Amino acid sequence: MNILHVYPKIPEETFWSLKKAIAFAGKKASLPPLPSLTVAGILRELRPDWQQKLVDLNIERLSEEDLAWADMIFVSAMIIQEKSVLEIIEKCQKYESLKIVAGGPLFTLQEEETEGVHHFVLGEAEVTLPSFIQDFEEGVAKHRYETEAKPDLCITPPPHWDLLRDKFKYYSSMSVQYSRGCPHKCEFCDIRIMFGQKPRVKGNEQFIHELDLLYDTGYRGSIFIVDDNFIGNKRKVKSLLPILEAWQKQRQYPFKFFTEASIKLAADEELMAGMSAANFHKVFLGLETPSTDALKECNKGQNVKVDLVEAVHKIQAHGMMVMSGHIVGFDSDDETIFERQIEFIQKMGVSIAMVGLLSVLPKTDLEKRLRSEERLLAKTTGENSNALTFIPKMDKEVLLNGYYQLLTTIYGSRGYYKRIHVFLKHYKPTVKRGGKKVNGSELRAFLLSSVRIGLSKDGFRYWWLLAKTITTKPRAFSEAVELAICGVHFSSVTRRIVGG
């Protein structure tokens with residue numbers, strides 16, 4: 001049996017893609033398709049004699065030869081990848097005997113079924129995939145397999161890294177998973193819906209084994225721990241970090257990590273110090289808004305009784321660059337929210353601040369509430385910057401125009417470079433760079449940025465940033481270059497959104 005994993009394309013012109021930024025380093029995609037690699041790892045254990053291949057449409061094309069080779073196509077997708085999924089299905093339909101098997105958030109969260117998919121394998125694959133495979137071999141495979149079970153992650157096999165073979169060079173980072181689930185109940189979030197409110201973690205030896213396998217491929221560099229809240233189970237994380245630190249030290253720090261967490265990280269000195277020692281250099285926080293009323297409205301109580309600006313500066317002082325998510329469009333928002341968000345973001349010195357319109361994800365508490373209030377307009381595309389899918393309390397035009405002005409301000413070169421300087425003021429670099437201090441991709445990125453940014457209208461700000469950094473905080477030089485490059489991407493996406 002020949003299984004072809006096809007990972008759909010993620011739209012390039014979004015803040016999250018970082019497409020224009022990673023191109024400076026000669027990369028094609030930010031991250032490999034960990035969902036497909038994980039499913040492939042499960043399938044390898046179930047049927048080791050089956051042949052598997054992977055095509056990631058973010059770095060390569062799906063050829064007729066690939067389709068002719070395959071007996072089954074496995075597609076795992078997020079909501080934002082729906083357009084690409086439909087294109088994949090259309091291409092596969094030329095091959096009558098080819099079966100399409102689909103899973104992931106796009107299919108798990110939506111009630112309606114995507115036409116052309118033969119089998120839906122939904123929920124967590126550790127539970128549903130074995131049943132499907134057994135039924136398929138017996139000739140009694142059902143159209144739909146789903147479960148609400150939340151399996152112990154000790155049964156999850158490592159990703160099937162062999163499927164990437166010589167493709168590692170196309171990605172700016174690798175990705176691994178440590179936990180699933182989040183203890184919080186934010187109204188707009190779908191993580192609790194998919195993975196439960198009780199965080200489940202992999203065993204320490206199990207997680208280290210996955211790192212060993214990735215290390216043995218020869219990869220060195222940045223790794224994204226994809227957990228939606230890495231510190232959801234702080235006790236378990238604290239038991240992992242010293243082991244991870246020792247592993248890194250023994251191998252001369254081959255990896256630097258980044259992940260997602262809650263603001264509770266800033267209140268735990270032991271946790272921040274442990275992550276820093278294990279070579280975490282970035283963390284994404286869902287800060288959402290400076291409005292206490294909006295935080296209460298969306299049930300984000302963990303952010304309410306915290307000085308968020310001070311909390312961010314604490315994390316930065318522990319050697320971790322903070323990236324943040326922000327939302328406008330809450331019912332309690334008024335016309336002052338846009339200036340308040342700008343002031344909030346600028347004070348924190350968070351250069352990579354992802355600001356979006358409130359997005360209504362399927363099966364969330366927010367969707368249920370807005371449906372009961374008859375305020376839903378359309379299903380979400382997964383892109384939270386292009387359209388409103390509900391009737392807001394604020395006048396729609398005021399909301400959209402305020403949002404566009406917010407983006408234009410924070411991603412205009414003046415505001416953006418000012419935030420980089422604020423970040424560097426509070427940042428105390430701790431990241432350890434194993435092996436070569438500067439690799440080929442980083443050198444390429446610096447040289448290209450010297451030309452493309454250094455000779456542009458932002459050239460003065462760029463050179464002043466680098467000159468100030470090299471004289472006052474030289475260990476943060478690579479971060480300064482990286483943020484300057486990211487600004488090119490965010491400025492481009494902002495122009496697309498506002499139509500400028």
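Worth pointing out:
- Here each label is just a point 7 Å from Cα along the line to Cβ, and for LYS396 and LYS249 those points are 5.9 nm apart.
- The trypsin sites (Lys or Arg not before Pro) found in the stretch 47-133 that occupy coil by DSSP, while having at most 14 further C-beta atoms within 10 Å, are ARG61, LYS94.
- Segment ALA467..GLU205, full-extension length gain: 89.9 nm, with 0.36 nm per residue of separation and the alpha-carbon distance subtracted.
- Per-residue Cβ neighbour counts within 10 Å put GLU343, GLU288, GLU65 in the sequence GLU65, GLU343, GLU288, beginning with the fewest.
- Counted charge near THR128, where neighbours are those whose Cβ lies closer than 13 Å (Asp, Glu -1; Lys, Arg +1): -2
- Charge tally for GLU339 (other residues, Cβ to Cβ under 14 Å; Lys, Arg +1; Asp, Glu -1): -2.
- Between ASN386 and THR147, full extension at 0.36 nm per residue minus the direct alpha carbon distance yields a gain of 82.8 nm.
- Bridging of LYS94 to aspartates and glutamates at a Cα separation below 16 Å is possible for GLU64, GLU65, ASP66, ASP71, GLU115, once same-chain residues fewer than 8 apart are set aside.
- As a rough footprinting exposure proxy, the listed residues SER351, SER131, SER262, SER84 were ranked by other beta carbons within 10 Å of their own, and the order from fewest upward is SER131, SER84, SER262, SER351.
- Loop GluC sites (Glu not before Pro), the stretch 353-440, which have at most 11 other Cβ atoms in a 10 Å radius of their Cβ (DSSP): GLU373, GLU374
- Unsatisfied cross-links (Cα-Cα over 18 Å) in the set LYS428/LYS473; LYS19/LYS473; LYS9/LYS167; LYS202/LYS238: LYS19/LYS473
- Taking label points 7 Å from Cα along the Cα-to-Cβ direction, ALA378 and LYS432 give a separation of 5.1 nm.
- Within straight-line reach of LYS185, meaning a Cα separation under 21 Å, sit the following lysines at least 8 residues removed in sequence or on another chain: LYS150, LYS198, LYS234, LYS236, LYS264, LYS296, LYS300, LYS305, LYS363, LYS368.
- Expressed in Å, the radius of gyration and Dmax of the Cα atoms of the stretch 219-334 are 15.4, 53.
- Among the cysteines of the chain, CYS92, CYS154, CYS182, CYS298, CYS486 have no other cysteine beta carbon within less than 4.7 Å of their own.
- Net charge of neighbours whose Cβ lies under 14 Å from the Cβ of SER450, counting Lys and Arg as +1 and Asp and Glu as -1: 0
- 222 nm mean residue ellipticity, helices alone, for the chain (DSSP H n ≥ 4; -39,500 (n - 2.57); rounded to 500): -12500 deg cm²/dmol
- Inter-centroid distance (Cα atoms) of the stretch 354-415 relative to the stretch 469-500, Å: 25 Å
- Relative contact order of the stretch 2-145: 25 percent, from C-alpha pairs under 8 Å at least 6 residues apart in sequence.
- Partners for LYS468 among aspartates and glutamates (Cα-Cα distance below 14 Å; same-chain residues under 8 apart left out): GLU479
- The stretch 90-118 and the stretch 158-215: distance between their alpha carbon centers, rounded to Å: 24 Å
- Relative contact order (%) - the chain, alpha-carbon pairs under 8 angstrom, separation at least six: 14 percent
- Among the trypsin sites (Lys or Arg not before Pro) in the stretch 205-301, those placed in a DSSP loop whose Cβ has at most 16 other Cβ atoms within 10 Å are ARG251.
- Sorting VAL127, VAL481 from the fewest to the most surrounding beta carbons within 10 angstrom yields VAL127, VAL481.
- R0 of 51 Å, Cβ-Cβ distance HIS118-PHE460: FRET efficiency to nearest 0.05: 0.30
Bear in mind that the values in this text are calculations on the coordinates, not laboratory data. Here the structure is a predicted model, which is why all the values come from computation and not from measurement. Cβ coordinates were reconstructed from backbone atoms using ideal geometry, including for glycine residues, and neighbour counts include every protein chain displayed.
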